[in-house]
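A short worksheet on the structure shown next.
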Amino acid sequence: MRPARALFALALALTLTAGGRDAADLWVERTVLPPLIAETGTEMRGADGSLLRVYTAPDGRWRLDVATAEVDPDFIHMLIAYEDRRFYNHAGIDPIAMLRATAQALWHREIVSGGSTLTMQVARLMEESGTGAWAGKLRQIRVALALERRLSKDDILRLYLTRAPYGGNIEGIRAATHAWFGKGPARLTPAEAALLVALPQSPETRRPDRHHAAATAARARVLDRMQTSGRLSHEATTAALFDPVPAQRRAFAALAPHLTDRALAEAPDKRLHTLTIDATLQDRIETLAATRLRDLPETVSIAIVIADHQTGAIRASLGSAGYAPSMRAGFVDMTQALRSPGSTLKPLIYGMAFDRGLAHPQTLIRDAPVHFGSYAPQNFDDRFRGEVTVQSALRQSLNIPVVLLMDEIGPAHLMDALRRAGIRAEVPGGRAGLAVALGGVGVSLEGLVQLYAGIARGGEAIPLHHRAGNAPAPAHILSPSAAWHITDILAGLTPPPGAPARSLAYKTGTSYGHRDAWAIGYDGRHVAGVWIGRPDGTPVPGVFGGDLAAPLLFEAFQRLEAARTPLPAPPPETLLLSTQELPQPLRRFTGREAVFAPAADAPKLIFPPNGAELMTDGPLTIKLRDGKPPFTLMANGAPVLTGLYRRDAEIAALTTGFSDLTVIDALGRTAHVTVRLRGGP
């Protein structure tokens, strides 16, 4: 009977064991897991994949998504060797480690080593549960067993690499390496890897920035075990022990903050944004702007945009001098703000005139007083040059010639050209007048850069973009020959001191009241724009585009890593002739105002010039040109010389103050200037 009883007992034991196993299996199978996907922060990456900016996760923690393949394999080997040597062999719990930990705790009457596997740690991190209570430990075991059934080892390891705490609000290996070492986790030194293995065990008491000694000691223990186990040589361990432990957290990447904010607003649910920004160039431009601001008033800001005009990709975008609340209004993105462009629209107007057959760069055009109803434009310096070539008028940025052309073309056609170029432009009252030629319209810095990109592309404009993708179809705004003429004229401008000649085609501008200083330019590949001013629109006395913005524009181009691409050669159809070689209608501009304008051979007072200030310490010299003698010269409405055949004369000094001088020739044609006379010293 004894053998029968023994067999019965064995059968009963096996039955109970099988039943317990089935019950445990069902217990694990019915486990409700917490969410497996951790919310991570939004990442903005540049064109080469480098990190531009990181946003915290919705819970306010620095937590970044990471794949196991993106982490240094030596760190993973060190982590598993230190935390869970049998990670790839157990099913979620390690009985050997648990027995060892229990025996050590009973023998030493305190916890000497933990029995938790990496999977159990993942379970704890997912539920944010404690480690000491038996109920919590049992729950971790259950979740760990369930995780092992439903996920691969690589998936479990990835959860750990994403959720492990590294002090403060830093979670995950990618956030940790950026916070403590200022780099990604792909390549780590043994010293860095050892610190990152040690930190999650007690992230707050081992934070290097607060408990530097504890962090150093914990790192040393990891390195010592790696040497004992043969994973690190004595030499490598000794060298790692001498590597400094970081004493403070590093700031997370925050390049192009205004542009990245815009990208986030466009797709708030997207966690990874790849932009066209060149991170190296962006960093250089931000440093350049911060340096230049030291010499400017504390209320003045700077904005810069650089793009590849062949593709439309924005390579750098600086919305303000500093992304912070300050007197410079650092949170305002001045690349998007609508401001008066000053003279920067003049090249487009001249190009449109070339295409309409109204003018050629060598066409002569009058720079003299003119009225359009109540509108009487003036040059910036209140002087007039008489007859000049269109090329000279653009290079000198004269106002009256471009308004004459604008009157002939029509402001509505300029607004249409801007619209076709994809540029947002707003005018006061919604109706464009002749003043748009001189800046009486609101456009943005990015819009102006887009316009000049179209000129640089031979008259074909494409929208600038900050995300990778196919460039849209170009829009025609100028013919290739007109665009080349504009480029050739702008390239002939005198560059700032020390800058090479004809390396850039560029134009400066200053808005009315010195509120905005501009410089926009391009070479054969890139286009850039600079804006300087106060974001609130308050005037900044003494601010000129040529003095402040132009030097900054040339310095921005120097920050490009690529070699400077030369400006293009003229298209075959380009008309390269002098004034005398031009067809008769193109030699001299005669628009609608020509009906009321004086004849070309009418008398002209060439000295003193209109608006001149003169001393009254002797006779006043008068010089005439053209006209048919004899002449009559009048001062303040009274004749002072009659029957004059010579073209120069002297009249007695007039009284101080303003005087009107008029010359009348034999045909009754007149010329008029106003001068101001001052007393002698």
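Values in this text are rule-based calculations from the coordinates and carry no lab data. Bear in mind the structure is a predicted one, so any value in this text is a computation, not a measurement. Ideal geometry is used to build each Cβ from the backbone, glycine not excepted, and the neighbour counts take in all protein chains shown.
Over the chain, dividing the summed -39,500 (n - 2.57) contributions of all DSSP H runs of at least 4 residues by the number of residues returns a 222 nm mean residue ellipticity of -10500 deg cm²/dmol.
Determine the relative contact order of the stretch 196-255: mean sequence separation of Cα pairs under 8 Å and six or more apart, normalised by residue count, in whole percent.
Values: 45 pairs, mean separation 19.3, N = 60.
Across the stretch 196-255, relative contact order equals 32 percent.
Within the stretch 423-467, list the trypsin sites (Lys or Arg not before Pro) lying in a DSSP loop whose Cβ has at most 14 other Cβ atoms in a 10 Å radius. Hits after loop and neighbour filter: Arg424, Arg431. A simple packing score, the average count of other Cβ atoms within 10 Å per residue, orders the peptides 228-238, 189-199, 322-332 as 189-199, 322-332, 228-238, with the highest score first. Summary value for the chain: 10 percent relative contact order, contacts being C-alpha pairs under 8 angstrom separated by 6+ residues. The three principal axes of the Cα atoms in the stretch 598-678 give end-to-end lengths of 33, 22, 19 Å, sorted in falling order. Computed extension gain for Lys270 through Tyr375, at 0.36 nm per residue and net of the alpha carbon distance, reaches 32.6 nm. Among the helices of the chain, those built from whole DSSP H runs whose Cα atoms reach 27 Å or more along their own axis and whose mean Kyte-Doolittle hydropathy is at least -0.5 are 2-29.
Taking the highest mean first, how do the peptides 433-442, 614-623 order by number of other beta carbon atoms within 10 angstrom per residue?
On the way: 433-442: 20.8, 614-623: 14.7.
Peptide ranking by packing, descending: 433-442, 614-623.
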